[in-house]
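These notes are about the structure you will find just below.
The values are calculated or read from the model by the stated rules, or taken from the named source; none is laboratory data. Source: prediction; values computed, not measured. Cβ placement follows ideal geometry from the backbone for every residue including glycine, while neighbour counts extend to all protein chains displayed. Keep in mind that these areas ignore ligands, DNA and RNA; they rest on the heavy atoms of the full protein, side chains included. Shrake-Rupley method; radii C 1.70, N 1.55, O 1.52, S 1.80 Å.
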Amino acid sequence: EAGVVQSPRYKIIEKKQPVAFWCNPISGHNTLYWYRQNLGQGPELLIRYENEEAVDDSQLPKDRFSAERLKGVDSTLKIQPAELGDSAVYLCASSLDSEAGELFFGEGSRLTVL
Amino acid sequence: EDKVVQSPLSLVVHEGDTVTLNCSYEVTNFRSLLWYKQEKKAPTFLFMLTSSGIEKKSGRLSSILDKKELFSILNITATQTGDSAIYLCAVAPTSGTYKYIFGTGTRLKVLA
């Protein structure tokens, strides 16, 4: 069974440039999460989707971050414009549903903003 | 404010040693606690704990939850260099969402 797939694995951009990350969850998983992990820190939730609906985006900096999950499968996370402080690993995770305990993580997208 | 605190922040041991990692939490209406191992890739699931006093075990790893004292421990016996990783603890409160709150992790290094 394929796991959670994310791309790109690495991205280096200059500040004020846009960037987008893509996530394909495990087939059949209705719940999708985007987390941000800063160096030396644990993952912090940015947004959670139940199917195509964003049910928790309270931690998403909406002035520059946006996300979508069309058709309730793949998801994209966009930052425009990027700032130096956005440098982090962006992790996507999925679970069967929000009642399920285990989150399955992708390998993450490491963003460096210069 | 809900929070999860892990200790120690980092740990260096030699192969064969036994280590105990700690995770304490303060959340509203606790639902479950999860342990993950993170190497240079995706965090991989180790255990999920929901009931107090019941030990979960997998090979050399084991974990137990104390819901009265609000903490969990992860034990690794006969450590190997392959155990070197960051160990993350996450707690899911039932405050209307399933927002898993992660601790900062414990960085374990096992020396040969």
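For the pair B:H14 and B:E39, a Förster radius of 22 Å applied to the C-beta separation gives a FRET efficiency near 0.70, rounded to the nearest 0.05. What's the local net charge at A:T76, with K and R +1, D and E -1, over the other residues with C-beta under 9 Å away? Surrounding charge for A:T76 is 0. Centre-to-centre, using Cα atoms only, the stretch A:44-79 and the stretch B:55-112 are separated by 27 Å. Pairs from the table (A:K16/B:K3; B:K37/B:K67; A:K62/B:K37) lying more than 25 angstrom apart at Cα are A:K16/B:K3; A:K62/B:K37.
What does the charge count near A:E107 come to, summing +1 for each Lys or Arg and -1 for each Asp or Glu among other residues with Cβ under 11 Å from its Cβ?
Its environment carries a net charge of +3.
Under Stokes-Einstein, with the Kirkwood radius over Cα pairs standing in for Rh, what whole-number D in µm²/s applies to the stretch B:1-43 at 25 °C and 0.890 mPa s? In µm²/s, the coefficient is 190.
With only Cα atoms counted, the stretch B:47-112 has Rg and Dmax values of 13.5, 46 Å. Its Cα gyration tensor gives the stretch A:7-49 an equivalent ellipsoid, and the semi-axes of that ellipsoid, as √(5λ) in whole Å with the largest first, are 22, 15, 10.
Please list A:I26, B:I54 from largest to smallest accessible area, probe radius 1.4 Å, with all protein chains kept in place.
From most exposed to least exposed: B:I54, A:I26.
Could you run the Debye sum over the Cα atoms of the stretch A:21-114, one equal point scatterer each and no solvent, and tell me log10 of I(q)/I(0) at q = 0.24 Å⁻¹, two decimals? Taking Cα atoms of the stretch A:21-114 as identical point scatterers yields -1.32.
Surface composition of the protein assembly as shown: carbon plus sulfur atoms contribute 50% of the solvent-accessible area (1.4 Å probe, protein chains only, all chains present). About its Cα centre, the dipole of the protein assembly as shown is roughly 500 debye, where the only charges are +1 on Lys and Arg Cβ and -1 on Asp and Glu Cβ.
Over 15 Å, how big is the tail of the calculated P(r) for the stretch A:46-90, in percent of all Cα pairs? More than 15 Å apart: 44 percent of the Cα pairs in the stretch A:46-90. Each Cα pair under 8 Å and six or more residues apart adds its sequence gap; the mean of these over the residue count of chain B is a relative contact order of 37 percent. Projected label points at A:W22 and B:L70, each 7 Å from Cα along the beta carbon direction, are separated by 4.4 nanometres. Spin-label pair B:L111-A:R110: with each label point 7 Å from Cα along the Cα-Cβ axis, the two points sit 2.5 nm from one another.
Quick one: in the protein assembly as shown, what % of C-alpha pairs are over 24 Å apart? The proportion of pairs with Cα distances above 24 Å equals 44 percent.
Binning the C-alpha pair distances of chain B at 10 Å intervals from 0 yields a P(r) profile of 15, 49, 29, 7, 0 %, listed from the shortest bin outward.
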